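What follows is a set of notes on a single structure, which appears directly below.
The values are calculated or read from the model by the stated rules, or taken from the named source; none is laboratory data. Remember, it's a predicted structure, so these values are computed and weren't measured experimentally. Using ideal geometry, Cβ is built from the backbone for each residue, glycine included, and neighbour counts are taken over all protein chains shown.
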Amino acid sequence: MHLRPYNRPDLTSLKKEIEMKKLILFAILMTAPTAFAATGTLTIGQYASLPDCGGTIKVADSDSENGKSEQLNVSFDNVVNCSNFDIVGLPDYAAVKLQGKAKDRSGSFTIPKRAIKKGLNSIQIVVKSNTGKTKDTVTVNFIEIVTPAPKPAPQPAPKPAKPAEKPAAKANVGGTSYSAMTIGEYGSLKFCGGTIKVDDSANGNSEQLNISFKDVVNCSNFDIVGLSDYAAVKLQGVEKDRSGSFTIPKRAIAAGYNSIKVVVKSDSGKTSDTVNVTFIEIVTPAPAPQPAPAPAPAAPSTGGSSY
């Protein structure tokens with residue numbers, strides 16, 4: 001999957017593009033930042049202000065482990081008047097809570113693959129307050145084109161069979177594991193199943209840190225230890241197939257060495273994986289003020305009398 005602006009190619013160029021790419025998402029709107037009044041439209045690579053809820057929303061692709069863009073993220077930042085959102089038509093994405101505290105909520109959430117179909121997609125997201133009296137509605141438009149699999153090449157003569165390899169390890173139910181990671185790494189969740197990845201923000205700078213979960217089988221929520229409003233945060237998706245991308249809030253990151261503990265767990269707590277995320281936050285000191293120039297000598301007085 002690859003994302004780029006939609007420039008209305010002719011059939012010849014489109015055919016060549018299909019032959020070259022495995023999975024392409026075309027953006028169908030301009031990619032300049034925008035704003036809308038309560039109801040608006042965005043596409044991949046755009047961001048906009050939320051006029052009633054306050055804050056911003058951004059739509060971006062998300063790099064998978066193999067470097068292809070196989071999923072779509074919606075990011076919220078500095079939301080003031082609203083606390084949750086719906087993906088219309090998905091019952092398990094109704095009233096999904098934003099992270100953070102009142103008047104300052106944010107988060108990054110993955111639109112599940114089952115909501116994306118081949119061809120033109122139009123996904124409606126409603127950001128709203130608990131009462132529903134304050135809300136903004138955003139429609140995300142994009143096109144997904146799936147390239148047909150190439151014809152198989154002639155197969156060479158078979159080689160002697162190699163000894164059978166050990167099967168991949170599956171998630172163990174009922175247990176606890178401990179591991180450590182840093183920015184740019186991903187790993188398996190031994191007991192919860194699935195994977196976890198640590199990377200910087202999808203908005204192109206490193207001012208925030210994201211934790212991404214994928215294909216989680218035996219667990220349904222996670223804690224950031226020490227942050228009471230990040231206790232038992234629910235993963236999105238259905239049982240045995242949960243995922244999501246969540247932002248570690250800036251207030252949890254200190255200058256210098258950081259060690260943040262993330263616990264992925266089942267509702268009962270009997271199954272869990274603990275991941276210790278370590279990294280160094282370097283803060284550039286402000287430049288020293290320049291010395292003020294020396295005052296000019298006073299001019300000699302002229303005229304007058306002295307006694």
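Remarks
- Boolean, residue 306 is at pLDDT 85 or above, more than 30 Å from residue 116 (Cβ to Cβ) and part of a loop (DSSP other than H, G, I, E, B): no
- Any hit, region 71-88, residues being free of Cβ contacts under 8 Å to residues at least 12 places away in the same chain and either farther than 14 Å from residue 140 by Cβ or outside the structural domain of residue 58 (by TED's automatic domain parsing) (or both): no
- Out of 157, 149, 202, sole residue that is surrounded by 17 or more Cβ atoms within 10 Å (Cβ to Cβ), modelled with pLDDT under 80 and not acidic (Asp, Glu): 202
- Applying the criterion of being within 25 Å of residue 101 (Cα to Cα) and buried (at least 20 other Cβ atoms within 10 Å of the Cβ) to the residues of region 266-277, the residue that is modelled with the lowest pLDDT is 277.
- In the set 61, 136, only one residue is modelled with pLDDT of 90 or more and crowded, with 17+ Cβ neighbours inside 10 Å; that residue is 136.
- Within region 263-273, the presence of a residue that is closer than 30 Å to residue 45 by Cβ and not assigned by TED's automatic domain parsing to the domain that holds residue 98 is excluded.
- Condition met for residue 113 (surrounded by fewer than 20 Cβ atoms within 10 Å (Cβ to Cβ), in contact with a Lys or Arg (Cβ under 8 Å, 6 or more places away or on another chain) and modelled with pLDDT under 90): no
- Strands (runs of 3 or more DSSP E) wholly inside region 76-133 that include at least 2 residues being among the aliphatic types (A, V, I, L, M): 119-128
- When the residues of region 255-285 are filtered to those that are part of a loop (DSSP other than H, G, I, E, B) and polar (S, T, N, Q), the one that is farthest from the chain's Cα centre (by Cα) is 268.
- Number of the condition not met by residue 288 [criteria: (1) loosely packed, with under 14 Cβ neighbours inside 10 Å; (2) touching an Asp or Glu at 6+ places or on another chain (Cβ under 7 Å)]: (2)
- Single residue of region 221-265 satisfying the filter (buried (at least 20 other Cβ atoms within 10 Å of the Cβ) and of a type in the set (Gly, Ala, Ser)) that is farthest from residue 200 (Cα to Cα): 237
- For region 205-219, the candidate set comprises residues that are surrounded by fewer than 21 Cβ atoms within 10 Å (Cβ to Cβ) and modelled with pLDDT of 85 or more; within that set, the residue that is farthest from the chain's Cα centre (by Cα) is 217.
- Filtered residues of region 212-254 (kept if among the small types (Gly, Ala, Ser) and part of a strand (DSSP E or B)): 212, 237, 243, 244, 245
- Of all residues in region 64-91, those satisfying the criterion of being in contact with a strand residue (DSSP E or B) (Cβ under 7 Å, 6 or more places away or on another chain), of a type in the set (A, V, I, L, M) and modelled with pLDDT of 85 or more are 74, 79, 87, 88.
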